[in-house]
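Okay, so here's the structure we're looking at.
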Amino acid sequence: MKLFLSVFVLLIGFVAAGCFSLAIAEDTQLVVDEISPTHFDFNWCPSISAGADKVVSSGGSVEISGYYNDLNGDSVRIRWSASGNRGSFGNEGSLNTIYKAPKVTKNTFITLTLTGDDNRDGIGSDKMTVKVLANGPTPTPTVTPTPIPTTPVPTCTPTQTPTPIPNHKPVVKLVGPNSVYVGQQVKITALAAMPTTTS
């Protein structure tokens, strides 16, 4: 009876403290008043921390760092996983690794879980959240129109119109005798001259 009472008290104490597994040696005598601690094998589950939440851009990568502690000193196998299997890990079996986020069209929250297994039925886990920011819409490139070359208009220098020279009739004068006889030969001289112009 004392054995069962002692085991019951131990179970209550360890359940209150957290996860554990209990193994009782097969050679334990139920009639003894005291039970040696060597008859019990308490295995504490590893304590796991997935680290702080992260923010990353769509399709980007971010470093994540976890931590664990095992009171029994057991070797703990680590594994990262993502909700919906979205994204990928550089090394899902390492405490510190790189998480590559998927490409998203709107802001998305992805839960990453870090699980530790001590291979003795002791399993612990912790979660953290990665906020994946959607990229903004791809801006439409602005097409700069090719300027139309303009033909320069030549500057015209007005041509000065020369002042026309007036055309005067020549002055003709006949020089000869004023009178002659019938059958007389006479000499008549014609003189032509241009009138003098005053500018």
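The values are calculated or read from the model by the stated rules, or taken from the named source; none is laboratory data. On a predicted model such as this, the values are computed, not experimentally measured, just so you know. Positions of Cβ are backbone-derived with ideal geometry, glycine not excepted, and every protein chain shown enters the neighbour counts. Accessible surface is based on the protein model in full, side chains and every heavy atom, while ligands, DNA and RNA are left aside. Shrake-Rupley method; radii C 1.70, N 1.55, O 1.52, S 1.80 Å.
Kindly indicate whether any position in segment 175-189 is part of a strand (DSSP E or B), touching a Leu at 6+ places or on another chain (Cβ under 8 Å), on the phi < 0 side of the Ramachandran plot and open to solvent by 100 Å² or more (accessible area, probe 1.4 Å). Looking for residues that are part of a strand (DSSP E or B), touching a Leu at 6+ places or on another chain (Cβ under 8 Å), on the phi < 0 side of the Ramachandran plot and open to solvent by 100 Å² or more (accessible area, probe 1.4 Å), one finds none in segment 175-189, hence no. Scanning segment 100-116 for residues that are farther than 11 Å from GLY66 by Cβ and assigned to a strand (DSSP E or B) gives LYS100, THR108, PHE109, ILE110, THR111. Contact map, segment 51-71: first residue closer than 18 Å to THR108 by Cα, second residue among the basic types (Lys, Arg), Cβ cut-off under 7 Å, separation 6 or more or different chains; pairs are VAL55/LYS131; SER58/LYS103; GLY59/LYS103; SER61/LYS100; VAL62/LYS54; ILE64/LYS54. Scanning segment 71-85 turns up no residue that is open to solvent by 30 Å² or more (accessible area, probe 1.4 Å), modelled with pLDDT of 90 or more and aromatic (Phe, Trp, Tyr).
Cβ-Cβ distances below 8 Å connect the following pairs, each with a first residue in segment 77-93 that is of a type in the set (Asp, Glu), a second residue that is assigned to a strand (DSSP E or B), and a separation of six or more residues or different chains: GLU92/ARG79; GLU92/TRP80; GLU92/SER81.
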